[in-house]
Structure formats: structure tokens, C-alpha cells
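Here's a structure for you.
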Amino acid sequence: GKGLAVFTSGGDSQGMNAAVRACVRMAIYLGCKAYFIREGYQGMVDGGDNIVEANWASVSSIIHRGGTVIGSARCMDFKQRAGRLKAANNLIQRGISNLVVIGGDGSLTGANLFRQEWSSLLDELLKNGQITEEQKTKYAVLHIVGMVGSIDNDFCGTDMTIGTDSALHRIIEAIDAIVSTAYSHQRTFIMEVMGRHCGYLALQAGMSSGSDYIFIPEDPARENWREMLCEKLLQERNAGQRLNIIIVAEGAIDRDGKPISAEDIKKVVVDKLQQDTRITVLGHVQRGGNPSAFDRVLGCRMGAEATLALMEATSESVPVVVSLDGNQAVRVPLMECVERTQAVAKAMADKNWELAVKLRGRS
Ligand code: F6P
């Protein structure tokens with residue numbers, strides 16, 4: 001059977017294990033040889049024990065575990081051609097020319113470049129005597145399929161990335177916990193949540209916990225945000241509420257693009273309203289812990305679909321990313337999604353928030 005390898009790259013997220021498991025088991029079911037590549041691209045470059053054949057049992061008892069059991073890394077070596085040459089050799093020597101990459105846009109872009117460069121890498125390996133003419137012919141095309149694992153839900157082309165739902169569970173559990181102590185002391189809490197340049201986690205967490213105010217990068221704070229904030233907090237207190245909760249995305253900014261931190265907000269609340277105010281930065285708690293049922297099922301569906309997509313790939317087909325469209329697992333052209341995701345980043349940098357939001361939405 002064909003050789004297929006799966007690896008996780010970039011920041012981890014809950015549900016990656018479910019995706020790895022489904023991908024491996026579908027591959028075995030279809031009669032392929034399935035491999036894990038440990039530690040992301042670094043393991044591909046280093047080879048050796050980092051590339052191991054997986055069997056049915058090697059993915060047992062991982063579906064409920066957070067993180068990625070096969071490890072993940074940000075890899076500098078793969079950014080150099082010499083690293084990619086080593087990686088290509090390691091794959092060919094094991095008969096692998098099908099890759100499933102689970103990661104964010106950077107990891108998926110890397111896979112696509114590797115695929116484009118593949119035949120020139122094989123030429124070089126042949127010239128160096130590292131592979132045979134037969135190997136070069138047999139593994140002439142590198143097939144890749146992507147899955148998006150990230151708590152940020154910042155990738156264009158999928159309604160949900162693997163891990164976002166679990167991170168949200170973690171966040172609202174934390175907010176609920178904070179609410180009880182805030183209530184006792186009539187305090188105001190500012191909770192900083194992750195999401196890099198994406199406000200999805202902040203927005204959803206704020207809505208699902210009934211927070212009073214939310215700061216997100218896609219809707220930068222207006223010039224008079226201080227007054228607006230104080231007015232809202234006072235309004236809630238005057239209506240009888242004993243506490244206030246403010247959610248700030250780590251990438252929150254004002255209309256000039258200047259970051260707004262939890263400290264900046266605290267200063268306003270303390271100076272203008274003299275409220276007893278505390279800050280809680282949730283940090284990596286959000287990325288840890290067991291995946292939610294949603295992320296387990298999402299990982300299962302995407303993993304199985306990724307393997308199927310690889311098995312159906314031909315030398316003419318464009319690489320795809322398996323994504324969620326409504327409630328359907330679908331295949332969408334990988335580079336279209338990556339380019340759109342990068343266009344969002346550019347629109348944000350250009351302070352064109354409207355365009356950024358439009359590009360993030362469904363096309
Ligand atoms: O992309 C996931 C994420 O957790 C972001 O929300 C956050 O900005 C970043 O990764 C943190 O990166 P690191 O784990 O390298 O500190």
C-alpha cells in the first residue's frame with residue numbers, strides 16, 4: 001500500500017490527537033502504511049526515530065487527550081533548502097509520498113512549498129546518489145492535505161478550526177469561576193484571552209458569559225472608548241449588578257492600531273470609577289486540557305476525510321485543506337485559503353478592518 005505520514009506543526013490545540021487517530025486508522029483501513037512524524041517538520045528533517053510506523057493500537061487512548069501526543073515544533077531547519085532536502089530523503093527512504101499536515105497557515109504554506117519543490121529535491125537526491133532512478137519515478141509527486149488545528153479560529157476557509165471549541169470551554173469555565181469571587185467583593189475583572197490577531201475567542205467568550213464589554217482587534221476601540229466603557233459599567237452597576245466582567249483579546253487595539261492591554265483598561269476603570277479591579281490573564285490554560293466532544297468529532301471527521309482526499313489525489317489535483325462548511329467536512333484548495341488568511345493579516349495591518357472582517361467571513 002501507499003505510504004502516508006501525519007504530523008502536527010506550530011502551536012498545539014485540543015482535538016489534534018483525534019485527527020491524528022482518524023487519519024492513521026483510515027489509512028490502515030484502506031491498506032496503506034501509516035507513519036507518525038514526531039516533533040513536526042523538525043522530526044521530518046532529523047529522521048531516525050522521529051518517523052515511526054503507526055498501527056491500529058498506537059493511536060488507542062489518545063482521543064480524549066489534549067495537546068498532540070506526537071509533538072509539535074516551530075522549525076528553522078525546514079526553512080532552508082538543505083533541511084528540506086534531508087526531509088525529502090527521509091520520506092523517500094521509508095516510501096512516504098503522502099503527507100497530512102495539521103497546523104496553522106504557516107505550516108500549511110510550508111507544506112505547499114515543499115510539494116512545489118519536490119521534483120527538484122528528488123533531482124538533487126538522485127544526483128547525490130541518495131535515491132535511485134526507480135525511487136525517483138515511484139515517488140515523483142508529493143501529495144499533501146492540510147487540516148487546521150488552532151484555538152484561534154483565524155483560518156479562512158473553515159467555519160471552525162480544531163481546538164477552538166475546547167479553548168472556549170476552558171475560557172468560560174474560568175469566567176464562571178471569576179464571577180463568583182467578583183460577586184462576593186463587588187469587583188470588576190478584566191480577563192485577557194488568546195487569539196493572536198483574531199478576536200473570535202474573546203467575542204464568543206464574552207457573549208456566552210454575559211460580559212459587559214469586549215475588546216477585539218477586528219473592531220478597534222473608538223477614540224472615546226474610555227467614556228463608553230465607564231458608561232456601560234456604571235449602567236450595569238446602577239441596574240443592580242454587583243460586578244463587571246471585561247474581556248480583552250490579546251491582540252486588542254485602538255483605531256490607530258495601538259495595542260490596548262488589560263493594564264490600560266484597568267487604569268481607566270480605577271482612575272475614573274474607583275472600582276476595585278483585578279486582571280486575570282488566562283494564557284496557555286486555554287490551549288490545554290481535554291478536547292470537547294465537538295473537537296473530538298471534528299478531528300475524527302477531518303482526519304478520515306484527509307486520508308481519503310490523499311488517496312484520491314492525482315498529479316493534476318491541487319492540494320486541499322479539509323475544512324468545516326456548516327456541518328459538512330469539505331475539501332477546499334489549500335493555497336486559496338492560505339492566501340485569503342494572509343490577505344486578512346494585510347488588511348488588518350492596513351487598518352482596513354471592514355475588509356478584514358469581510359475576508360474572514362464566508363465567500
Ligand atoms: O495560535 C495559538 C496561540 O495560542 C495564540 O492564541 C497565541 O497568540 C500564541 O499561540 C501563543 O504562542 P506561544 O505558545 O508560542 O507562546
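The values are calculated or read from the model by the stated rules, or taken from the named source; none is laboratory data. Please read these numbers as outputs of a predicted model, since none were measured by experiment. In this analysis, Cβ positions are derived from the backbone assuming ideal geometry, glycine residues included, and neighbour counts consider all displayed protein chains. Keep in mind that these areas ignore ligands, DNA and RNA; they rest on the heavy atoms of the full protein, side chains included. Shrake-Rupley method; radii C 1.70, N 1.55, O 1.52, S 1.80 Å.
Indicate, rounded to the nearest 5 percent, the antiparallel portion of the DSSP beta bridges found entirely in the chain.
20 percent
In a shell of Cβ-Cβ distance under 12 Å around LEU355, excluding LEU355 itself, what net charge do Lys and Arg (+1) and Asp and Glu (-1) give?
Counting the neighbours of LEU355, the net charge comes to +2.
How do 97-105, 219-227, 319-327 rank on mean C-beta neighbours within 10 Å, highest first?
Ranked by mean Cβ neighbours within 10 Å, highest first: 97-105, 319-327, 219-227.
Next question, about the same structure. Let me have the 222 nm mean residue ellipticity of the chain computed from DSSP H runs of 4+ only, each contributing -39500 (n - 2.57), with the sum over all residues rounded to the nearest 500.
On the way: 12 runs with 160 residues, N = 363.
Taken over the chain, the calculation gives -14000 deg cm²/dmol.
Next question, about the same structure. Rounded to whole Å and ordered largest first, report the semi-axes of the equivalent ellipsoid of the range 204-260 derived from its Cα gyration tensor (root of 5λ).
For the range 204-260, the semi-axes come out at 21, 14, 7 Å.
Compute the Rg/Rh shape ratio of the range 40-80: radius of gyration over Kirkwood radius, all on alpha-carbon atoms.
1.04
Also, quick follow-up: Output the peptides 193-205, 7-19 sorted from most to least packed, where packing is the average of other Cβ atoms within 10 Å over each peptide's residues.
Ranked from most to least packed, the peptides come out as 7-19, 193-205.
Still on this structure: Once the dipole of the chain is set up with Lys and Arg at +1 and Asp and Glu at -1 on Cβ about the Cα centre, which of PRO333, VAL318, ILE131 lies farthest towards its positive end?
Of the listed residues, the answer is ILE131.
Projected area of the chain, taken from the Cα convex hull and averaged over every viewing direction, in nm²?
18.9 nm²
What is the angle, in °, between the Cα long axis of helix 293-312 and the longest principal axis of the Cα atoms in the chain? Nearest 10 is fine, range 0 to 90.
The angle comes out near 30 degrees.
Additional query: Local charge sum around GLY257 (other residues, Cβ-Cβ under 12 Å, Lys/Arg +1, Asp/Glu -1)?
0
Please report, as a whole percent, how much of the solvent-accessible surface of the range 262-363 comes from carbon and sulfur atoms (probe radius 1.4 Å).
Carbon-and-sulfur percentage of accessible area, whole number: 54.
Accessible area of the range 178-232 with a 1.4 Å probe: how many percent of it is carbon plus sulfur?
Numbers: 1280 of 2590 Å².
Carbon plus sulfur share of accessible area: 49 percent.
Right, something else. Can you work out the accessible area per residue across the chain, with the rest of the protein chains kept in place, probe 1.4 Å, in square angstrom?
44 Å²
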